[in-house]
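**Student:** Pasting a structure here, questions to come.
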Amino acid sequence: MKKILGTPGKNESKSVGFQFKRLLMLMTAIMAVLTLHACDEDNPDDETVNPVEVTKVTVNQPSSGAELTVGVPVTLTVTIEPANADDKTVTWSSSSNDIATVSDAGVVTGVKAGTVTITATSKSGNKSGSITLTVKAAVVEVTKVTINPPSGGVELTAGGSPVTLTVTIDPANATDKTVTWRSSNTDIATVSATGVVTPLKEGSVTITATSTSGNKSDNITLTVKANGNSGVEGKRLKTIVQTTGTLDIYVRQEFTYNSDGTLKRSDHYNDASQLAGYAINTNNADGTLAKVEEYILDNGEFVLLFEYIFTHDANKKPIKMSGTYYNNGTPFLNMIWDFTYQNGRKTGIKVTGGEIINVMGYIYDSQGRLSQTSETTYYNEQVVSTRSFNYTYNSDGTLQKVVYPSLEVTPTTITKEHTWENGKSTYNIIHDYSLW
């Protein structure tokens, strides 16, 4: 068979077809590569995407508040804006590591009392937020109170010099070492807010100190001996007077005691030597006061007699005093004093005498000391005068001054002031009698 020009033979046909298929496959591969390249240009990979940066950092106040205690760690947290920021890590810093430190995780630990600022700074965007914290000293509570025996021993003398008790507080670094003092029997001995014990009469008394922190207590029993001495210095009252008009006034008092330490007699002088009056006390068998007879003298001559009879309750506290006033042996006035108490303290006295009624009230401070007394006088059931007496104390708890700021009585005005110096009393009184 002859080969016709332009017409492939059988083997050539196969070869041409094979070449065509190869060309077609190559062209398809090229198109695929071009398509992929086009897609890559429209969607760049992650390494070229712009991150979402932090725009604001807020340090959240801890649930316990802006105060922390030395040695007690507190963990701070932050709020990052925007919420979809890619990198939310922060670094922490303290304005004073001497006051408080902060860890990489935001844990703040107080070192000493003071004020400190804690700052959080974002790694992304370099944004900062801060909080100011107050560090308080750690509270160390009292675990034990011990009353130290007085240097002179536990035996005191009625009417003698006061003694000051002290305490030892455990632990030594307790934050609040204050204590309150209490006497089991204020008739035998009193104790001030600073532990000053004043012995009054023979007997045994327990003094207790209780800590404000931890409510821990200790007590000591003191024995008060009788004093039979006369004119005991601690019981001598010195009075200084300024006055207009004519007024007999005591400028000195001396006291005589029974063997059991109770008061037997008091003598009152209106100058250095002239006796102006005296009072004689009579006691019951249990030591309570039964009767007082007060004699008033004028230039040494007997003028008046005041007689007071006392009634006591089961606790040996006076609840009633009946008074009779005599002129030359003839009674001319009867009066009755009714006493009220609360929690062992006198809270009021009502004095009744004829058409006159006097009502007195007593107010005590948080330490059990008398802080104010008030007095209202009625005549025929009408108020004729009111007055109040305010008491102030020295830093050691002893009485400093009694001031009578308001005493309004028609037709006179009276101003009084009572001060204590070195255990003695200075009593000032100013009377205006121009309207009598």
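The values are calculated or read from the model by the stated rules, or taken from the named source; none is laboratory data. These numbers come from a predicted model, not from an experiment. We place every Cβ from the backbone using ideal geometry, glycine too, and count neighbours over all the protein chains shown. Heavy atoms of the whole protein, side chains included, go into the accessibility calculation; ligands, DNA and RNA do not. Shrake-Rupley method; radii C 1.70, N 1.55, O 1.52, S 1.80 Å.
**Student:** Any residue at all in segment 141-153 that is modelled with pLDDT under 90 and in contact with a Leu (Cβ under 8 Å, 6 or more places away or on another chain)?
**Tutor:** We begin by selecting, within segment 141-153, every residue modelled with pLDDT under 90; these are 149-153.
Filter again for in contact with a Leu (Cβ under 8 Å, 6 or more places away or on another chain), leaving 150.
There is at least one residue in segment 141-153 that is modelled with pLDDT under 90 and in contact with a Leu (Cβ under 8 Å, 6 or more places away or on another chain).
**Student:** What is the residue count in segment 75-129 for residues that are touching a strand residue (DSSP E or B) at 6+ places or on another chain (Cβ under 6 Å), hydroxyl-bearing (Ser, Thr, Tyr) and under 21 Å from VAL52 (Cβ atoms)?
**Tutor:** Qualifying residue count for the region: 6.
**Student:** Which condition from (1) in a strand (DSSP E or B); (2) open to solvent by 60 Å² or more (accessible area, probe 1.4 Å) is the one that ASN315 breaks?
**Tutor:** Exception for ASN315: condition (1).
**Student:** Please determine, by comparing only the residues of segment 89-122 that are touching an Asp or Glu at 6+ places or on another chain (Cβ under 8 Å) and β-branched (Val, Ile, Thr), which one is least open to solvent (accessible area, probe 1.4 Å).
**Tutor:** This residue is VAL111.
**Student:** If ALA290 passes every condition in (1) within 22 Å of MET335 (Cα to Cα); (2) open to solvent by less than 40 Å² (accessible area, probe 1.4 Å); (3) at pLDDT below 85; (4) aliphatic (A, V, I, L, M) but one, which one does it miss?
**Tutor:** Here ALA290 meets the rest and fails (3).
**Student:** Where the second residue is in a strand (DSSP E or B) and open to solvent by 50 Å² or more (accessible area, probe 1.4 Å) and the first is over 22 Å from GLY65 (Cα atoms) and lies in segment 108-130, which pairs have Cβ atoms under 8 Å and are six or more apart or on separate chains?
**Tutor:** Within 8 Å, the pairs are SER122/SER128; LYS123/THR91; LYS127/LYS56.
**Student:** Does segment 339-362 hold any residues that are exposed (fewer than 15 other Cβ atoms within 10 Å of the Cβ) and assigned to a strand (DSSP E or B), and which are they? Full working, then the answer.
**Tutor:** Initially, segment 339-362 is screened for residues exposed (fewer than 15 other Cβ atoms within 10 Å of the Cβ), giving 340, 342-345, 347, 350, 353-356.
Those that are exposed (fewer than 15 other Cβ atoms within 10 Å of the Cβ) and assigned to a strand (DSSP E or B): THR340, GLN342, ARG345, THR347, LYS350, GLY353, ILE356.
**Student:** Residues of segment 169-197 being hydroxyl-bearing (Ser, Thr, Tyr) and either touching a helix residue (DSSP H, G or I) at 6+ places or on another chain (Cβ under 8 Å) or surrounded by fewer than 22 Cβ atoms within 10 Å (Cβ to Cβ) (or both), which ones?
**Tutor:** Restricting attention to segment 169-197, the residues satisfying the condition of being hydroxyl-bearing (Ser, Thr, Tyr) are 175, 178, 180, 183-184, 186, 190, 192, 194.
Result: THR175, THR178, THR180, SER183, SER184, THR186, THR190, THR194.
**Student:** Only one residue in THR101, THR75 is under 14 Å from VAL116 (Cβ atoms) and at pLDDT 90 or above. Which one? First the steps, then the outcome.
**Tutor:** Values: THR75 fails: under 14 Å from VAL116 (Cβ atoms).
Every option except THR101 fails the conditions.
**Student:** Next question. Which residues, taken from segment 363-393, are among the polar types (S, T, N, Q), without any contact (Cβ under 8 Å) to a residue 24 or more places away in the chain and either more than 23 Å from PRO318 (Cβ to Cβ) or not in a strand (DSSP E or B) (or both)?
**Tutor:** SER366, GLN382, THR386, SER388, ASN390, THR392, listed by residue number.
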